[in-house]
Structure formats: C-alpha cells, structure tokens
Amino acid sequence: MCAIAGIVGDEFPDKDVAVANMLASMRHRGPDHTAVRKVGVHTFLGHNRLSIIDLDAAANQPFVNEDGRYTIVFNGEIYNYIELRIQLLSYFTFRTNSDTEVLLAAYRKWGYQCLDQLIGMFSFAIWDNVENVLFAARDRFGIKPFYYCEVNNSFLFASEIKALWSAGIVQVRNQKVWSSYFVYGSYGMPEETFWQGIQQLPAGHFLILKNGNLKINRWYNFEERIARIQPVWRDASESEITERYMELLHESIILRFRSDVPVGLNVSGGLDSALLISLVKDLFPNNETINAFTFTTGNPDYDELPFVKMLIDATKYPLHNIQLLAKDVPDLAEEMALVQDEPYGGLPTLAYAGLFEAARQRNTIVLLEGQGMDEAWAGYDYYQTGSGSVVQGVTGSPLRPNVFTEEFIKLAERPHYREPFEQKLLNLQFRDLFFTKIPRVLRFNDRVSMKYSTELREPFLDHRLVEMAFALPEHWKINDNTAKYLLRKITKKYLSENIRLAPKRALQTPQRKWLAKELRDWADVKIKSFANSEGVNTAK
C-alpha cells in the first residue's frame, strides 16, 4: 500500500518540489521509501512505499522498465500477480518478485485490456516516454483512491486530496456537494469531491492524457458482466451454487493472504466477520502469526465483544480489544478531519483509528475485514422495507436541512442513480455498490487505515464473488423475510445458529448518548462555530 503523485504540464512551476510536497503530506501512506522522478520533459512522478510484497529495494518506485520507456507508480495489490507473472515469462525477464513489475509487464503486453485480468485493489499511473502519454486506472469498486485536478494547463494527481493542496491548489468548497450532503445525505457522484476543481477517477475507469487532452473511459461494465452471468445461475441447484461460491470464497481469501509481512483480522460479532474468521482458521490452520482486532466503547448495549470472543476463542488467535471512550472523541475528531479531507461516518470511524494504530504497534501491517457481503447478498433491512434509506436500522431521516439558509439549501441537488436492471432489488444493490454504501466506507477505511501505515484488504469484494451473488435469483438472497438467505445456509457448516441466524446489526457506538451528555458542551461549541461561519440558524 502506498501513495502516488504526479504532475504533467510545462506551465506548472517547480514540479519536482511540488511532487515532493505532495508526498510529504502523504508520508503516512508509505513510510518505507520515498522518491520523485523526472520521466518526461514536463512530467514528474512520485511514490511513497509501504512494503508488503517483495521487501527488496529493487521493487521501490517509481519503477522503470529495462529500456526506460515506461515508468509506473502504483498503489494497491495485484493478488494474482504470481499467476500473471507465469503467463508473461515468455515475453519479459523480471528483475524483482514484486506485483508492481508484473503490473507494468501486463500493461506492456495487453494495454488497457490488462485491467480485466487483474484481481486486486489498485490505483496506478504509467508514463510512456516515447508516446508522451499518461495512462492511469482505478480498480473495479474504487478500493484505492485517485484524485486529480487541471490547473495552469497542467494535470496533477494524488492518492489524497490534501496532497493536491500541498502542491498549491487552492482549497475551495464545492458548495453544491456540501449542500447536497446536508440536505439529502449525498456524498457526491463517483467523479465528484467536496472541493471545487478536484475530481476523482471513478471506480472501474481509466484515463489517458496526451498532448494536454484528457479522456476518461469506463473499463469495468458491471451490468454487462451480470447479464452474461445471470443465465448460468438462473436454474442452477443449491448444491451447484454453493460449491462454486465456496470455491471462489476460498480462493479470494487465500489470494489476500499473499504478503511478506504479518496479516491479521479486523473483526466484529456479525455473520460476515464470523464467516471470515472461520474460513481463515480452516484455510490456514497452522498460521500462528494471526492477530485479531476489535473495538468497544464500554457500553454493553452497543459492544459486540461477547460475540467476538465466542468466535475468536475457537481459533486461539490473540484478540486485541481497543476501547473508544467519550473523552477521546474531541481530539480524535480533530485529527480525523485532517485525515479524511471530506466528511466521514461518525464515531465508528474514530474507533477504527485506534484499531489500526494498535495493529501497527504490534507489527500487523495487513488486515482483512468482511466488507461487501451485505451489498452482494441484499443484507440490509431497507432492501425489504422499501424505505429508500441508505442506512441500516434507520426508520426516519437523520437530516435536518431546515437549519440552513434558503440560499444554501437551493444549491442542493437530489441524487439520481442509474437503474440499469429490471428488478428493483438489483437496482438498490447496484446503487449501494457504486454510488452510496461501498464508495463511502471504502474512502473512510482507506484514510483511517493508511493514517497508521497499515493495509486493509477486502476479500468479500473480490469482483467474482460480488458478481456471482448479485446475479443469483432473488429467492436465494431474500426468502421468507430472511436476508442473505442462501449465505446463511452455506455458513451452517462453520457457524453456530445464534450467529448464523442473527439479524443484521448496524456497526454502532453510543454517539447519540454521548452527544446528549458527556459531549454536549463540546458539540455545542462546534455547532455554534460552524453556524457563525456558514449562516446556520441554531435556533431551529
């Protein structure tokens, strides 16, 4: 896991210094090596490295091929790099054992079509010094970030928004996105950010920059993939579905245990986390280096520690419980605002901060967690209630836009999401995968994990798993008011009934109670400070 940065353009001053400043602002993402390289007449690329695969210095970046034509900066992991390397041995001689070199070779061999062969999370840029072309791409679900802006006839990109500010880009709010956030709860469309002039490359897209002309193309067409897969599973038996799904699930976890540094688990007491723990124990029975991490708040009405302990006791993995207390929130909230660059998901994100910090202190550099099952298997309650919500367990709107001025409210734009499928359920799942739930949580988790120089991997977001579950007929997902119906049956082999059949629980902290009591004075000060600067009527 790393940070990438670059500038292309003859009119941007002191590009080498600017890229160095960008990397310095993202030092936390890659503390093991930093470098800036001039790769073209008007092009500089930079990289901060967090060493995960092939720890040798020969794998440092920016990485240049043997004849100097191509240079790559890469953030992420290509989990199937060993298999791809074998395919490419007939065409290239490899100098390292890194997935970075395999990725560059794959691009040289197949061009942008190499993206279809990648299993992983990635955001990378490749400069072609012969054609003077920049090629950049982002993974299917946007696990790894890519931000960019165009200024002074130049193109700047980085792994975090703050890096662009560090290069001298002026920090100006995108008022439409902010207003839509407060009025409708929208975090913007896939290409937007909360800051004017700064955009993100959408998940599953690549860009080509040549002669100052920027073109963005979609390379991962999820809808077409589903259309091809649906007929395969339409009349399949339960045993056929189960067998194939478990094959993919095992392979996904095995691939994500590829690492030259220790791997651990980020766990909760829910079904998905329980399944991940059980499968890891089955697949790696002799691995004694696995540590598990969870968080609590000291409130039994919210904490899942009893469930987590019950799961972990069977594995003998060391369990590290990191506690978030109300007194910790003010300082952590200030710190997290600087980490996230944009609004984030409340106190659970603060609790995560302690979790990743503890993992790093114990030299657990890679963590796996169970994100993605609910979106693929229709696990949220609102898939059945038709409430239109995007928050699990919420019956009323948490938004109070009437406290803002009419002028600010008028800037808001109600989000409209594409509905490419005939079934309502599939369109809701599609929304959550590409527009709401998954993009949000991936951004929150990328920033907070990288803050402590740790890598977070999502085995349940392997695109093959998501596509298969998504494409199944609806009765395998929701049956007799039971969400994730077939998945719960599949887990019978691994999990006890009270875990397997428990309803979906939202990941919670006692934030409402804290904000009403222990944190009331702090919250009042923050609200009034914001109101004074933004024209909010606190009397409402």
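Things worth noting here:
- Residue count for region 1-42, restricted to those that are open to solvent by 60 Å² or more (accessible area, probe 1.4 Å), outside any strand (DSSP E or B) and farther than 18 Å from Ser123 by Cα: 11.
Each row is one residue, and each column tells you yes or no for (1) at pLDDT below 95; (2) over 23 Å from Tyr302 (Cβ atoms); (3) of a type in the set (A, V, I, L, M, F, W, C); (4) part of a helix (DSSP H, G or I).
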| position | (1), (2), (3), (4) |
| --- | --- |
| Asp328 | yes, no, no, yes |
| Glu335 | yes, no, no, yes |
| Leu338 | yes, yes, yes, yes |
| Pro348 | yes, no, no, yes |
| Gly370 | yes, no, no, no |
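- In region 214-242, the residues that are acidic (Asp, Glu) and surrounded by 11 or more Cβ atoms within 10 Å (Cβ to Cβ): Glu223, Glu238, Glu240
- Residue count for region 420-435, restricted to those that are of a type outside the set (Phe, Trp, Tyr) and farther than 17 Å from Trp476 by Cα: 5
- When residues in region 434-484 are screened for being of a type in the set (Ser, Thr, Tyr), at negative phi and not in a helix (DSSP H, G or I), 4 of them pass.
- Among helices (runs of 4 or more DSSP H) entirely within region 80-194, having at least 1 residues that are open to solvent by less than 30 Å² (accessible area, probe 1.4 Å), farther than 18 Å from Phe63 by Cβ and modelled with pLDDT of 95 or more singles out 161-166, 175-184.
- Annotation note: Cβ proximity below 7 Å between a residue of region 88-114 that is free of Cβ contacts under 8 Å to residues at least 60 places away in the same chain and a residue that is surrounded by fewer than 21 Cβ atoms within 10 Å (Cβ to Cβ) and of a type in the set (Lys, Arg) (sequence gap 6+ or interchain) occurs for Leu88/Lys109; Tyr91/Lys109; Phe94/Arg85; Glu101/Arg95; Val102/Arg85.
- Among residues of region 290-316, those that are open to solvent by less than 70 Å² (accessible area, probe 1.4 Å) and more than 26 Å from the chain's Cα centre (by Cα), counted: 3
- Any hit, region 245-253, residues being within 13 Å of Leu368 (Cβ to Cβ), in contact with a Gly (Cβ under 9 Å, 6 or more places away or on another chain), open to solvent by less than 30 Å² (accessible area, probe 1.4 Å) and not in a loop (DSSP other than H, G, I, E, B): no
- Some residue of region 518-535 being of a type in the set (Phe, Trp, Tyr), at pLDDT 85 or above and open to solvent by less than 70 Å² (accessible area, probe 1.4 Å): no
- Filtered residues of region 199-220 (kept if in a loop (DSSP other than H, G, I, E, B) and over 19 Å from the mean Cα position of the chain (by Cα)): Asn211, Gly212
- Residue within region 211-233 that is free of Cβ contacts under 8 Å to residues at least 12 places away in the same chain and closer than 30 Å to His42 by Cα present: yes
The values are calculated or read from the model by the stated rules, or taken from the named source; none is laboratory data. Everything numeric in this text was worked out from a predicted model, so none of it was measured. A quick note on method: Cβ atoms are made from the backbone with ideal geometry, for glycine too, and the neighbour counts reach across all protein chains shown. When the accessible area is computed, the model is the full protein with side chains, heavy atoms only, and any ligands, DNA or RNA have been set aside. Shrake-Rupley method; radii C 1.70, N 1.55, O 1.52, S 1.80 Å.
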